[in-house]
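Note sheet for the following structure.
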Amino acid sequence: MKFTFRNWENPSQVLSEKADAVVIPVLDADVGADSLLGAIDGQLSGYLRQAISEEQFAAKATQSLSFHTQGKLGSTRLTLLGVGKPTGVVPADVRTWTARAIRSLPSSAKVVTLCLRGVTPADAASVGQSVAEGALLVTYQFDKYLSGDRKKRSAVQEVVVLLPPDVSTEAAAVGAQRGQIISEGVCLCRDLVNEQPTEMCPRRLAEVATQLAQKLGLGCTVLGVKECEALGMGMFLGVGRGSVEEARFIHLTYKPQSEPRKKIALIGKSVTFDSGGLSIKTTEGMLWMKMDMGGGAAVLGAISALAQLQCPDEVHVLLAAAENMPSGNSYKLGDVLRGMSGKTVEINNTDAEGRLTLADAMTYAVEKLGVDEIIDLATLTGSSMVALGSTTAALFSNSDALAARIVDASAKTGDDLWRMPLRDRLFDSLKSDIADMKNSGDRYGGSISAALFLREFVGDKVWAHIDMAGPVHAEKDVGHTPKGASGYGVALLCELLAPRA
Ligand code: BES
Ligand code: MN
Ligand code: ZN
């Protein structure tokens, strides 16, 4: 998809703009007095005002008005996009507007012009980025298993953006490039999560990571079961034991050209299918468990974008990939597993498997890599959804500074999250009589006790944990996210680790 940015000074330019559709975001306060709409109305002999009034278009944030121009404008169609009452044009809104604009097009439209008014010069690059993200992310489709007509992709080839005269089109184009890189990372993540679980097993995930590393010139190490055994990763291996698909520990490294600012580990939960193991889930509970590697997919998408965005930090991506299955070889309730840190864990629920895999990856990051900072993304608990709903992730951190940076980044990218407390007293429910702890605690506060479990393995490192069990998946089309795997976390990590210029 091509992105073109142009400045415009007077309405006649918009009237003569050649495109399959011109889309104009309209503030509700402006509908009556908007001078651009007035000029268009003149060209259409009063038809626009008539349509606005008869269709009761009040430019509310959920409304749009779209019609064929019968050759009276340069563009075949005109769409007014109601945007309600924003206080100024915010780049994050532009992402949503672009996505809505593209959704409003007939499927044949190839060239769409977006007429953005009210953009401030300082936002040029961010607005360019948002346009690219909105367009590329909303047109994503996982269609490899669809046949015939349903395979039809969006026909959009070019998005032209008209900007106010004082906004730099060069800066906007640079921003769009950044948006393109990030969107590719998000779409890679979505593809991995949407894939069927029998295909996207630990071995396949390791292949994808290896290919990605080759393409981007990243360091890549894949450890098999024997090598993980030698490292003492008994918790991670316990989880994978019941499956015919062998576990893999995947480690990608990105090093910046100059001396790194700091050393960061990004750890993604990578349970390629979570049946619950012997504590087996119900059909309903198991239905979406191919998405239990969504954290791992997110950190892979992120490192692919971060390498291209020339992130100033050294980034280590770790995926302890395993399939959680019941079998004659499964880990059992009552088993005591010893992880790489030496700590022992009594298993009281084989469905609380994610924390076991993550814990060994965290120990690896602390002991082997000596990183300064650890961020983990994990579809860890149903409780996080009970607490916050299915579109908001739960953030936990032992550092107020890191938590604040993540909350900030989240507001910009739209990867929604909310900080939750690491309440020490909930750790009581993880106490075991025969081991250092148990792997699952009380039902109440389940996302908190899971985070407290993880905290045991980060030592004194700065750490944040994002429980993304809800937002890994969109139940319906929302904004720039089509139904299905959302790609949650990729844009967030890019915003956090490779900030905009
Ligand atoms: N992968 C699940 C968490 C999950 C649930 C993700 C729903 C997405 C949607 C995790 O491994 C799990 O099974 N957690 C249990 C923990 C419990 C056994 C302590 C849960 O949330 O019920
Ligand atoms: Mn589970
Ligand atoms: Zn799981």
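Each reported figure results from applying straightforward, stated rules to the coordinates on display, with no laboratory input. Small disclaimer: the values here were computed from a predicted structure and weren't measured. Because the Cβ atoms are built from the backbone with ideal geometry, glycine has one as well, and the counts that use them run over all protein chains shown.
List of remarks:
- Of the GluC sites (Glu not before Pro) found in region 441-501, those that fall in a DSSP loop while having at most 14 other beta-carbon atoms within 10 Å are GLU475.
- Computed Rg/Rh of region 370-428, alpha carbon atoms with Kirkwood Rh: 0.97
- Counting only Cβ charges, +1 for Lys and Arg and -1 for Asp and Glu, the dipole size of region 43-154 around its Cα centre is about 280 debye.
- Lys, Arg +1 and Asp, Glu -1 on Cβ, resulting dipole of the chain about Cα centre, debye, nearest 20: 700
- Here the Debye sum runs over all C-alpha atoms of region 369-501 as equal scatterers in vacuum, and log10 of I(q)/I(0) at q = 0.09, 0.13 Å⁻¹ comes out as -0.28, -0.56.
- Tilt relative to the chain, helix 124-138 - C-alpha long axis, 0 to 90 degrees, to 10: 70
- Lys/Arg +1, Asp/Glu -1 at C-beta; region 326-365 dipole; positive extreme among GLY354, PRO326, SER341: SER341
- Efficiency of FRET between GLU229 and ASP477 - r from beta-carbon atoms, R0 41 angstrom, step 0.05: 0.35
- Sequence-distant contacts, meaning Cα pairs under 8 Å at least 6 residues apart, place the relative contact order of region 133-209 at 43 percent.
- Computed from Cα atoms, the angle from the helix 354-363 axis to the main principal axis of the chain rounds to 80 degrees.
- Restricting the calculation to Cα atoms, region 1-142 yields a radius of gyration followed by a Dmax of 14.3, 44 Å.
- Applying 1/(1 + (r/R0)^6) with R0 = 56 Å to the Cβ-Cβ distance of LEU216 and LYS85 gives a FRET efficiency near 0.85.
- Charge dipole (the chain, unit charges on Cβ, about Cα centre) - positive-most of SER75, ILE303, CYS494: SER75
- Zone residues, region 78-93, relative to GLU55, backbone N less than 14 Å from point 7 Å out along Cα-to-Cβ: 78-83
- Within region 192-260, GluC sites (Glu not before Pro) in DSSP loop having at most 12 other beta-carbon neighbours inside 10 Å: GLU199
- Subset of LYS18/LYS144; LYS85/LYS269; LYS262/LYS412 violating a 29 Å alpha-carbon distance limit: LYS18/LYS144; LYS85/LYS269
- Here is how the number arises for the chain: DSSP H runs of 4 or more residues each give -39500 (n - 2.57), the sum is divided by the residue count, and the result at 222 nm is -10500 deg cm²/dmol.
- Scattering from the chain was approximated by placing one identical point on each alpha carbon and applying the Debye formula without solvent; log10 I(q)/I(0) at 0.10 1/Å stands at -0.77.
- Pairwise centroid distance, computed over Cα atoms, of region 109-155 with region 28-43, Å: 26
- When both region 302-335 and region 439-501 are represented by their alpha-carbon centers, they are found 14 Å apart.
- Reported to the nearest whole Å, the Cα centre-to-centre distance from region 364-422 to region 214-268 is 20.
- Placing +1 on each Lys and Arg Cβ and -1 on each Asp and Glu Cβ, with no other charges, gives region 420-467 a dipole about its Cα centre of roughly 120 debye.
- Net charge contributed by nearby residues that have their C-beta within less than 10 Å of GLY285 (K/R +1, D/E -1): -2
- Length-normalised contact order of the chain in % [C-alpha pairs under 8 Å, at least 6 apart]: 15
- When the convex hull of its Cα atoms is projected in every direction, mean area for region 225-359 (nm²): 8.9
- Charge tally around LYS263: other residues with Cβ under 15 Å, Lys/Arg +1 each, Asp/Glu -1 each, net -2.
- With Cα atoms, 0 to 90° folded angle of helix 91-103 axis to the chain main axis: 70
- DSSP-loop trypsin sites (Lys or Arg not before Pro) across region 394-473, with at most 12 other Cβ within 10 angstrom: ARG423, LYS431, ARG443
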